[in-house]
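The values are calculated or read from the model by the stated rules, or taken from the named source; none is laboratory data. Only a predicted model underlies this, so the values are computations on that prediction, with no experimental measurement involved. We place every Cβ from the backbone using ideal geometry, glycine too, and count neighbours over all the protein chains shown.
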Amino acid sequence: MANLTLSGKTEPDSTPRAAPAAAPAQAEIESPVAEVAEAAEQIGRTINVQTVFLGVIATLLVLYTFYFARTVFMPVVLACMLNLVLTPVVLALARAHIPAPAGAGLVVFVFLFVLGVGLFTLAEPAAEWLRRLPFVIDQLSDRLDFVRAPADQLKKAEEALSNLGGTPDQAAQVVVVQQTTSLRELLLNETSRFAIGSVTTLVLLYFMLAMGDKFLRRVVAALPDFRTKKQVVEITHQMQSDMSHYLLTVSVINVAFGAVVAVAMFATGMPNPLLWGAMAGLINYIPFLGHTVSAIVIAVVALLSFDDLGTALIPPGIFIVIAALEGNVVTPMILARRLTLNPVAVVAALLIWGYVWGIVGLLLAVPLLVVMKIACDRIAPLNPVGEFLGG
């Protein structure tokens, strides 16, 4: 209220007044807003968690389907990968006024001819080494006689430790487990399965090369809106460009690597140098594991082929040097950082696809991982996955 003065006039009250009533009202308004924001954030976190779990479940279901329907899916995926590699050749023939169906037939014929010549050339030595597999361990035992004494001592020590856990009668009991599947049978089963699917793969490959973009156009025409159509076309073209570049580059590197290995094995006097060069080039599609397997195989063959241990160590030593140069210098320099992948993701892909599709899965693991990375980079919600898959 106002204060009275001597003149009878009133002056404004100079004492501090209480805060207006609008402040509590504003606080009352801000409180529900904060609650709503917090609830929305909680819902967003719940939706993200649900999305992650749904993605994991969907991925497991897809892998489950690929595992039990591998006879159907393996030829399709192989045909798609070969289509990405060979499409530039068909397009080059089309620019030379060769129709797509004729160009596709010519490309498939040349591919089949080269593959047939390679198999015919390498089939006999490969079959000979497969026949020697059951005797390889005994032959290596005879060649590595200097390690037999330490191995026998370790075996005796292991038996002595096992005897501490029970009575002599219990320790004397031996359980014999019969091995039902040998390495040779496993290789033959995988090879026969791959041979059965080869015809289907070649037929699918021909139609994919002959159709060109017709299949993509029909898929795009069936999509509901323009934005989805544009995104699908961009992802597909990016995938075709990057994958064809990646597969062509890796194929050229592996062919050159196999040729260098074959020449090195010939120079060191190894038997069947073409076989080991082709093996090294083919297995080189499997990162990390390929070089290791090739080095072990070449070392075993060298030990069985040369009498002198020093001479037998030369071929695997030369191969290790060539593999180190290829893996650490040549391939990173050619592929550059744009196509590098996270080593953890590569190992996980090898484990998953090796379990699902065996040897074929190991060969296709990295190309499929590249396809997944390209798709994740182009789809906004999956960009974090693409960042993780990148090197």
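Of note:
- Which numbered condition LEU351 misses (of (1) under 19 Å from ALA69 (Cα atoms); (2) in contact (Cβ under 8 Å) with a residue 60 or more places away in the chain; (3) surrounded by fewer than 16 Cβ atoms within 10 Å (Cβ to Cβ); (4) not charged (D, E, K, R)): (2)
- For segment 194-213, a tally of residues being of a type outside the set (Val, Ile, Thr) and at pLDDT 80 or above returns 10.
- For segment 224-239, the condition holds for at least one residue, the condition being that it is hydroxyl-bearing (Ser, Thr, Tyr), within 18 Å of LEU86 (Cβ to Cβ) and assigned to a helix (DSSP H, G or I).
- Checked against (1) polar (S, T, N, Q); (2) surrounded by 15 or more Cβ atoms within 10 Å (Cβ to Cβ); (3) farther than 19 Å from PHE388 by Cα, ASN342 meets all criteria but (3).
- Pairs where the first residue, in segment 95-115, is free of Cβ contacts under 8 Å to residues at least 40 places away in the same chain and the second is among the acidic types (Asp, Glu), C-beta under 6 Å, 6+ apart: none
- For segment 270-286, the candidate set comprises residues that are in a loop (DSSP other than H, G, I, E, B) and of a type in the set (A, V, I, L, M, F, W, C); within that set, the residue that is nearest to ALA299 (Cα to Cα) is MET270.
- Of all residues in segment 287-308, those satisfying the criterion of being without any contact (Cβ under 8 Å) to a residue 60 or more places away in the chain and assigned to a helix (DSSP H, G or I) are GLY290, HIS291, THR292, VAL293, SER294, ALA295, ILE296, VAL297, ILE298, ALA299, ALA302, SER305.
- Set ALA375, ALA380, ALA365: member being among the small types (Gly, Ala, Ser) and modelled with pLDDT of 85 or more: ALA365
- Count of segment 232-258 residues, restricted to those that are in contact with a helix residue (DSSP H, G or I) (Cβ under 6 Å, 6 or more places away or on another chain) and of a type in the set (Gly, Ala, Ser), is 2.
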